[in-house]
Amino acid sequence: MRFAKLARLAVGIAAWVLTSTSVPAAQTNVAVAANFTEPAKEIAAAFKAKTGHEVVLSFGASGQFYSQITQGAPFQVLLSADDARPKKLIDDGLAVPDSRFTYAIGKLVLWSKTPGLVTGEETLKAATFAKLSICNPAAAPYGAAAMETMKSLKVLDTLQPKLVEGATITQAYQFVETGNAELGFVALSQLTGPETGSRWLVPQELYSPIRQDAVLLKTGVSNEAATGFIAFLRSPEARAIIEKYGYVLDGQS
């Protein structure tokens, strides 16, 4: 009888140990387009709270990340500001083909800290300002969208001497924030705080949609945090955060 009680106690202790021991948390390195900085931080925090996995975020221009990844940079996931670079990484054999999807569609804004300065396309056509900031159109899709907008409005030739170029959309925003440019093309997601100054949400017909794609790199296939994070990006919780920052979700107008 005593032996039977001891045996049951041992089984109970073993079961408690197995159920109370948590799975060790994993870590993943994620390259994130600069325009998605704040939502990415919030999504990573929500993911960690839910899973315990750590997401190390690096922010920059999508073109720069593409170059770094092709040269062996230690990322497992890319959240790009376009759909071209993730596709190229798949074509290069560096990313998982069926992992690519559009996590957000970005919106371009012409913004100034000065109230009344930005009134619409007329502001660009009048060109009464000295400096207009954009991000590098070769590396950053929002810069390419800004160039496309100016071409659509037939003002690029006039404005070209006034352009101040940042490496990323963050730098383009900082040029306006610090007064080094009176106005600039930025992402709507950067203007989610209290509305200040003046702004113009650029009509979609003036530039190609900024489809921002995510992709799992082949270096992350066996990384539980990487596969879990890119799956979490599709969750209702993550999608609600993305919408909060002014992005359109795929399938919406």
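The values are calculated or read from the model by the stated rules, or taken from the named source; none is laboratory data. Note that the structure is a prediction, hence the values are computed from the model and not measured. Glycine also receives a Cβ, built like all others from the backbone with ideal geometry; neighbour counts cover every protein chain displayed.
Scanning for something outside the structural domain of Leu156 (by TED's automatic domain parsing), over 28 Å from Lys113 (Cβ atoms) and in contact with a Gly (Cβ under 6 Å, 6 or more places away or on another chain), does segment 238-251 turn up at least one residue?
no
Being in contact with a Lys or Arg (Cβ under 6 Å, 6 or more places away or on another chain), among the hydrophobic types (A, V, I, L, M, F, W, C) and without any contact (Cβ under 8 Å) to a residue 60 or more places away in the chain narrows it down to one residue among Leu132, Leu159; which is it?
Details: Leu159 fails: in contact with a Lys or Arg (Cβ under 6 Å, 6 or more places away or on another chain).
Exactly one of Leu132, Leu159 is in contact with a Lys or Arg (Cβ under 6 Å, 6 or more places away or on another chain), among the hydrophobic types (A, V, I, L, M, F, W, C) and without any contact (Cβ under 8 Å) to a residue 60 or more places away in the chain, namely Leu132.
Identify all residues within segment 139-155 that are part of a helix (DSSP H, G or I) and either among the aromatic types (Phe, Trp, Tyr) or under 12 Å from Gly166 (Cβ atoms) (or both); write none if there are none. Steps first, please.
Our first condition is that a residue be part of a helix (DSSP H, G or I); within segment 139-155, this holds for 141-152.
Once the filter is applied, which keeps residues that are part of a helix (DSSP H, G or I) and either among the aromatic types (Phe, Trp, Tyr) or under 12 Å from Gly166 (Cβ atoms) (or both), segment 139-155 yields Tyr142, Gly143, Ala146.
Does any residue of segment 170-191 turn out to be in the same structural domain as Val96 (by TED's automatic domain parsing), of a type outside the set (Ser, Thr, Tyr), closer than 25 Å to Glu42 by Cβ and assigned to a helix (DSSP H, G or I)? Lay out the reasoning, then the answer.
Within segment 170-191, the first condition is being in the same structural domain as Val96 (by TED's automatic domain parsing), and the residues that meet it are none.
No - not one qualifying residue is present in segment 170-191.
Need the failing condition index for Lys151 against (1) free of Cβ contacts under 8 Å to residues at least 12 places away in the same chain; (2) within 22 Å of the chain's Cα centre (by Cα), just the number.
(2)
For residues that are of a type in the set (Lys, Arg), surrounded by fewer than 19 Cβ atoms within 10 Å (Cβ to Cβ) and touching a strand residue (DSSP E or B) at 6+ places or on another chain (Cβ under 6 Å), tally how many sit in segment 86-142. I'd like the intermediate steps shown before the answer.
First, pick out the residues of segment 86-142 that are of a type in the set (Lys, Arg): 87-88, 100, 107, 113, 125, 131.
Next, only the ones that are surrounded by fewer than 19 Cβ atoms within 10 Å (Cβ to Cβ) stay: 87-88, 113, 125, 131.
With touching a strand residue (DSSP E or B) at 6+ places or on another chain (Cβ under 6 Å) added as a condition, the list becomes 131.
The total comes to 1.
Taking the conditions exactly as written (among the polar types (S, T, N, Q), under 17 Å from Val32 (Cα atoms) and under 12 Å from the mean Cα position of the chain (by Cα)), does Ser99 satisfy them or not? If you could, list the steps in order and put the result at the bottom.
Working: among the polar types (S, T, N, Q): yes; under 17 Å from Val32 (Cα atoms): yes; under 12 Å from the mean Cα position of the chain (by Cα): no.
In short, no.
Please determine, by comparing only the residues of segment 234-253 that are assigned to a loop (DSSP other than H, G, I, E, B) and of a type in the set (D, E, K, R), which one is modelled with the highest pLDDT. Give the derivation first.
Of all residues in segment 234-253, those assigned to a loop (DSSP other than H, G, I, E, B) come to 234-235, 245-247, 249-253.
Cutting the leftovers down to of a type in the set (D, E, K, R) gives us 234, 250.
Numbers: Arg234: 96, Asp250: 82.
Checking each candidate, the answer is Arg234.
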